[in-house]
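Each remark here refers to the structure printed beneath this line.
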Amino acid sequence: MVFGKRRSRMKYLSILRQITSLLFILFLAVSSSSAMQKNEKPICLYNTVIIDGNGGVPFDNGAVVIRGRRIEAVGVMNDLKIPPDARMINMKGKTVMPGLADMHVHLCGGWDGTSVDFLGYQRYLNSLLYSGVTTVLDLGNNLDYILQLRQEVEAGRILGPRIYCAGPIINGADPGWPSISYALSSRYQIPKLIGHLKRADVDVVKVYTGLSHQMVDILANAAKQESMRVFVHSSSLELLECGIAAYAHMFKEDVPDDFVKAMRRNKTHCITTLAVAESGIARRFADLSYLEDSLVKDTTPPWFLKDLKSWVKHKVRPQESSRAENSGSIQTLKQAQKNTKRLFDAGILLSAGTDAPYPGVFMGEGIHRELELLVEAGLTPLEAITVATKNAALLMEDADEWGTLAKGKLANVLVVNGRPDKAISQTRNVDIVILQGKILDRKQLKFDEKKDPGFQAIK
């Protein structure tokens, strides 16, 4: 008996020593990381116009100080205490603003919304970063694939924007995109499905149009019990009463006043996706000169552009393109833009998203087109920028971490030539992209046919 107690005590002491050693190692690692950040030479972007993402008036002679992964200070140069060892970068003639966020993408690859190119993931991550997009929300993908991609980007083993994800699209028994969907045919599947998504730590749950109101109601309640939020691909008025968090697309039909009031009362958000609404009509293809924009040309495989031009030639009739502004289909986009302005004025939280990739909707360049369409809808350039920065962080309930230029937030920063607060298209003039404090080498983000493996999308 005495021997048994002694052996148990020795085993306990051995485990205690192991735990103590592990805690000590962890302490050293954290201390070393903190010391490295403190010793890291700060960066100061100065002599610039600052758009902080909050929607206020930009200010001249601004400066942003970055140390490590975070913003240390932002404001008027003369009011800031600039570290004496800071790397000073003169931003004369440029505007510094938060990195952009695209809150509706599908990182499956391809260019047309139907083909898949999982192996070419780096192309799309590069094109997003090249265009100044530092955060994305993937709203439908193969679960294991997107979880691993999110994990590896977060760990720094893959270069890419921060990824939030929904996992698979939850649809009815016959989903349109079976490879990235979960077919829900019975209410009894819901507890297991929500439990699985909870353990996978997805950021939101995405629901598609194939589910009945009753099924969405049951699913949303199950998600709520697990503190998970549901985003829907639908414009149904009834779904508002299910407790959904957001609509994944802007509505393309007239929205009743009661619906707008209910959205505001329920604090239901909406992702704009005007770019994909434009993709569905002939107007986007009447003039393909945007394919020469560096945000497209520098990042897109040539065979994608060739396929797109061929698609336009065979799918878009010349007479539709020539009368694009007067065609019936343009009214779909106009109604979506009208709704965008109406919801914005009503105080509904709108976040910019593109639904890329689709014909004419590219990863990266797409968000700049979305900004232009938001301004066309009646928002000011500053309001549009807020929708693609601060509001995106609010949508993801992460505004303490990113979305605006403020002390303590992640240093996701976009520097552009010109004044996008006066002409929104000048967001396209990307000069510098900073991802969590690191100035990216944009030349390395360009598509290089010699280095690219040449993966072909599955059609």
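Structure above, values below:
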quantity: 26 Å tail of the calculated P(r), the range 114-259, as % of Cα pairs; calculated: 29 percent
quantity: Protection proxy ranking of 132-143, 241-252 - average other beta-carbon atoms within 10 Å, highest first; calculated: 132-143, 241-252
quantity: CD proxy at 222 nm, helix term only [per DSSP H run n ≥ 4: -39500 (n - 2.57); per residue of the chain; nearest 500]; calculated: -11000 deg cm²/dmol
quantity: Pair-distance profile P(r), taking every C-alpha pair of the range 205-340, with 5 angstrom steps and integer %; calculated: 2, 9, 15, 16, 14, 12, 11, 9, 9, 2, 0
quantity: Partner lysines for LYS41 [C-alpha distance under 27 Å; skip if fewer than 8 residues away on the same chain]; calculated: LYS81, LYS92, LYS94, LYS407, LYS409, LYS438, LYS443
quantity: DSSP bridge pairs, the chain: antiparallel proportion in percent, nearest 5; calculated: 45 percent
quantity: Over the chain, equivalent-ellipsoid semi-axes from the Cα gyration tensor in Å; calculated: 37, 32, 23
quantity: Hits among lysines - C-alpha to C-alpha of LYS267 under 22 Å, sequence gap 8 or more where chains match; calculated: LYS206, LYS224, LYS252, LYS338, LYS341, LYS390
quantity: Highest-first arrangement of 268-277, 335-344, where packing means the average Cβ count within 10 Å; calculated: 268-277, 335-344
quantity: For peptides 373-383, 279-289, sequence by mean Cβ density within 10 Å, most packed first; calculated: 373-383, 279-289
quantity: Nonlocal amide H pairs with ARG70, under 5 Å, H built at 1.01 Å; calculated: ALA411
quantity: Leading residue at positive end of dipole, the chain (Cβ point charges), from GLY364, LEU379, ALA275; calculated: GLY364
quantity: Descending semi-axes in whole angstrom, ellipsoid equivalent of the range 123-208, from the Cα gyration tensor; calculated: 27, 14, 9
quantity: Equivalent ellipsoid semi-axes - Cα gyration tensor, the range 95-173, angstrom; calculated: 21, 14, 13
quantity: Candidate aspartates and glutamates for bridging to LYS306, where Cα separation is under 13 Å - those fewer than 8 sequence places away on the same chain excluded; calculated: ASP112, GLU292
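Read-outs: derived from the displayed coordinates by stated rules, not from any lab. Only a predicted model underlies this, so the values are computations on that prediction, with no experimental measurement involved. When we count neighbours, we look across all protein chains shown, and the Cβ atoms used for this are built from the backbone with ideal geometry, even at glycine.
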